[in-house]
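Student: Before anything else, here's the structure in question.
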Amino acid sequence: MGLAYFEISGGKRLRGSVRVSGAKNAALPIMAASILCDGEVVLHDVPDVADVNFLAELLRKLGLDVERRPDRAMRLVVRDEMNCKAEYDIVRKMRASICVLGPLLAKRHRAQVALPGGCAIGDRPVDLHLRAMELLGADLELVGGDISAKAKQLVGTEMFLGGPFGSTVLGTANAMMAAVLAQGVTVIEMAACEPEVVDLANFLSACGANITGQGSPRLVIEGVKSLKGCEHRIIGDRIEAGTLMAAAAITNGELTLENCRLDHLMAYVDKLRAVGVQVERRDASTVQIASARRLEPVDVTTQPFPGMPTDLQAQIMALLCLADGNSIITEKVYPDRFMHVAELNRMGAHLRKEGPTVIVQGVKRLIGAPVMASDLRASAALVLAGLSARGVTRVSRVYHLDRGYERFEDKLRAVGAEIERKEED
Ligand code: EPZ
C-alpha cells in the first residue's frame, strides 16, 4: 500500500455543523497517568488518531491492558508492573512518550525512557522534565541514549519549571504525575496553564490525588499513598476547533462547532475577530463561525496559554495569506516551526521568513499545487490553503495529519469540501 495523500478541489464554501473530537494532547498524558492507578480507568471521547494508538502500544508493553471501545471510550488497567522501559522504537515515533517517565518513577520506583531525538519543529529538549524528577529525589543516569531513573520514594519539593520559552506543558504533566505519589507537598512554580494540564489535574483528582492551582502558574500537590481508577471525559480538542474555525473563514463559509469551548481559545478568537471573522458563542459548548467579507491583516505572536497557541500558528498563517495587507507572525514557543512556509509559497503565497518571524504579504488568491506535509499542524495549514485555492491541491504525507486529526477529510467533506484521500502508486 502506498502513502496516502489528499486531493482537494478548492473554492467550496463550508457550511454546516461539526462535532470536535476529544483532545489528543489531553488524552496522551491522561492515558500515561493510568500507570499510577490501582483500579480501572475508563476514558471517554478518546480520539482515534495515530498518536493515541502509539501510546496505547507503549502502555501495553508496560503491562497495561488497553481496550478501545467502538463508542470512543478506552479502558486501561495495570496488569503487570515488571517492565519499566520505554524503548527508542516507540519514543522516536512520538515524543509525547516521555510522559510515562513521571508515572513509572512514582509508581514503580524506576524508569528507563529513550531520549527523544530532534523533530521537524525544532530541537525540543527534555531537560526540564529531568530536572523535575531530580528535584523530587530521583537518581538519573544516561545509558545508551536512554534516561535511566530510580527513586525508592519521591519526596515533595518546591520547583521552578520555566525554560527559555516559558512554561512546559508535558514537563508540568510529568512533574505533576510524579508528585501525586510523593511524600509531602510539591509546589510547581511557572507551571503550564494549558487546558490539557487542567484536564490531567482533574483526572488525577478524581482518582484521589490532592492538587490545587490547576490552570494557574502555581500548582500545589500534596502526595497521597495510592490512586484508584476513575471514569473521565477528555476535553474537546481546542486545536482541531481552531483549525475548523480557520476552515470556515478561509472558504467564506459558516460552521457551527459542537464540543468547542471558547474560553480555551480566547487569544486565537481575538485574532480571528480582528481579521474580520465572526465568532459567536451559542452555548457553553457550541460556537458559530461566519466569514463573508474581506480579511484584515493582523500581527500574531505565539505564547504559552492563555496566549496564542503555537499549534495554531501554521493555520492562521494560511488564513492571513489571503488578507488585504501585510501581517507579521512571530513564533515564541518553537522558533523553527515554519516548515509550511515554503510549501505555502508554492501555492502563490508571499511569505518571507526572518528568524523566528514570518512576514505575510496578503495575495488575492492561492493556486492549487502539489505540496508536502512536514508535521502535524503544517499539514493542517496546507489543507486549509487547498480548501481556498483555485484548482487542485495535492497534499502528500498526510500521515502527519493523521497523528492528531480524526478522519479530518470526512469531517470537511460532510460540510461541503471536495477532498479525497488517495493512495500513491
Ligand atoms: C506540547 O508539547 C504539545 N504536545 C505540543 O503539541 C505543543 O506544540 C506544545 O506543548 C506547546 O504548546 C503534547 O501535548 C503531546 P513544551 P511539549 O514542553 O509539552 C521548551 C501538536 O502539534 N522546553 O510546552 O513537548 C521547548 O523546546 C504538538 O499537537 C525546554 O526547553 O512542549 C519549547 O520551546 C506539537 N525544555 C517550549 O519549552 C524542556 O524540558 C515549550 O515546549 C521542555 C520544553
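Student: Give the residue that is surrounded by the most Cβ atoms within 10 Å (Cβ to Cβ), with candidates limited to residues of segment 177-198 that are farther than 14 Å from M133 by Cα and more than 16 Å from the ligand (Cβ to nearest atom).
Tutor: V185
Student: Okay, next question. Select from segment 64-94 the residues that are assigned to a helix (DSSP H, G or I), surrounded by fewer than 20 Cβ atoms within 10 Å (Cβ to Cβ) and either β-branched (V, I, T) or touching a residue at least 40 places away in the same chain (Cβ under 8 Å) (or both) and list them in ascending order.
Tutor: Y88, I90
Student: Of everything in segment 126-176 that's surrounded by 15 or more Cβ atoms within 10 Å (Cβ to Cβ) and within 6 Å of the ligand (Cβ to nearest atom), which residue is modelled with the lowest pLDDT?
Tutor: F165
Student: Run I329 past the list (1) over 24 Å from G307 (Cβ atoms); (2) in contact with a strand residue (DSSP E or B) (Cβ under 8 Å, 6 or more places away or on another chain) and report the number of the one that doesn't hold.
Tutor: I329 satisfies all of (1) over 24 Å from G307 (Cβ atoms); (2) in contact with a strand residue (DSSP E or B) (Cβ under 8 Å, 6 or more places away or on another chain) except (1).
Student: Of A27, A86, A4, A50, which residue is closer than 16 Å to H232 by Cβ and aliphatic (A, V, I, L, M)?
Tutor: A27
Student: Determine, yes or no, whether K364 is in contact with a Phe, Trp or Tyr (Cβ under 6 Å, 6 or more places away or on another chain) and in the same structural domain as G242 (by TED's automatic domain parsing).
Tutor: Against the criterion (in contact with a Phe, Trp or Tyr (Cβ under 6 Å, 6 or more places away or on another chain) and in the same structural domain as G242 (by TED's automatic domain parsing)), K364 does not qualify.
Student: Next up: Checking P297 against (1) more than 28 Å from S216 (Cα to Cα); (2) within 14 Å of the chain's Cα centre (by Cα): exactly one of these is not met. Which one?
Tutor: Status for P297: all satisfied but (2).
Student: Follow-up. With the requirement that a residue be free of Cβ contacts under 8 Å to residues at least 40 places away in the same chain and away from the ligand (no atom under 16 Å from the Cβ), what does segment 375-425 give you?
Tutor: D410, R413
Student: Based on this model, can you work out whether L344 counts as surrounded by 24 or more Cβ atoms within 10 Å (Cβ to Cβ) and in contact (Cβ under 8 Å) with a residue 12 or more places away in the chain?
Tutor: Yes.
Student: Hey, can you tell me all the residues within segment 247-264 that are touching a residue at least 60 places away in the same chain (Cβ under 8 Å) and of a type outside the set (S, T, N, Q)?
Tutor: Once the filter is applied, which keeps residues that are touching a residue at least 60 places away in the same chain (Cβ under 8 Å) and of a type outside the set (S, T, N, Q), segment 247-264 yields A247, A248, A249, I250, G253, E254, L255, L257, E258, C260, R261, H264.
Student: Is there a residue being surrounded by fewer than 17 Cβ atoms within 10 Å (Cβ to Cβ) and among the aliphatic types (A, V, I, L, M) anywhere in segment 31-39?
Tutor: No, segment 31-39 contains no residue that is surrounded by fewer than 17 Cβ atoms within 10 Å (Cβ to Cβ) and among the aliphatic types (A, V, I, L, M).
Student: In the set D425, D375, which member is on the phi < 0 side of the Ramachandran plot, modelled with pLDDT under 95 and out of contact with any strand residue (DSSP E or B) (no Cβ under 8 Å at 6 or more places or on another chain)?
Tutor: Step by step, each of D425, D375 is checked, and only D425 is on the phi < 0 side of the Ramachandran plot, modelled with pLDDT under 95 and out of contact with any strand residue (DSSP E or B) (no Cβ under 8 Å at 6 or more places or on another chain).
Student: Follow-up. So which residues in segment 136-148 are closer than 17 Å to L104 by Cβ and in contact (Cβ under 8 Å) with a residue 12 or more places away in the chain?
Tutor: Those that are closer than 17 Å to L104 by Cβ and in contact (Cβ under 8 Å) with a residue 12 or more places away in the chain: L136, G137, A138, D139, L142, V143, D146, I147, S148.
Student: Is it the case that segment 74-82 has a residue that's over 23 Å from R233 (Cα atoms), within 16 Å of the ligand (Cβ to nearest atom) and not acidic (D, E)?
Tutor: no
Student: Right, another one. Given the structure, is A23 within 13 Å of the ligand (Cβ to nearest atom) and touching a residue at least 12 places away in the same chain (Cβ under 8 Å)?
Tutor: yes
Student: Residues being in contact with a Leu (Cβ under 8 Å, 6 or more places away or on another chain), outside any loop (DSSP other than H, G, I, E, B) and within 16 Å of the ligand (Cβ to nearest atom): count how many of those fall in segment 321-374.
Tutor: Total meeting the criteria: 2.
Student: Please indicate, with yes or no, whether at least one residue in segment 192-200 is within 19 Å of D127 (Cβ to Cβ), modelled with pLDDT of 95 or more, touching a Pro at 6+ places or on another chain (Cβ under 7 Å) and of a type in the set (G, A, S).
Tutor: yes
Student: Only residues that are of a type in the set (A, V, I, L, M), within 20 Å of the chain's Cα centre (by Cα), more than 8 Å from the ligand (Cβ to nearest atom) and over 25 Å from V341 (Cα atoms): list them for segment 87-125, please.
Tutor: Of everything in segment 87-125, those that are of a type in the set (A, V, I, L, M), within 20 Å of the chain's Cα centre (by Cα), more than 8 Å from the ligand (Cβ to nearest atom) and over 25 Å from V341 (Cα atoms) turn out to be I90, V91, V100, L101, L115.
Student: On to the next question. Taking P335 as the residue in question, decide whether it is surrounded by fewer than 20 Cβ atoms within 10 Å (Cβ to Cβ) and modelled with pLDDT under 95.
Tutor: Here the answer is yes, as P335 does meet what is asked.
The values are calculated or read from the model by the stated rules, or taken from the named source; none is laboratory data. Remember, predicted model here, so these are calculated numbers, not experimental data. Every residue, glycine among them, receives a Cβ derived from its backbone with ideal geometry; neighbour counts consider all protein chains shown.
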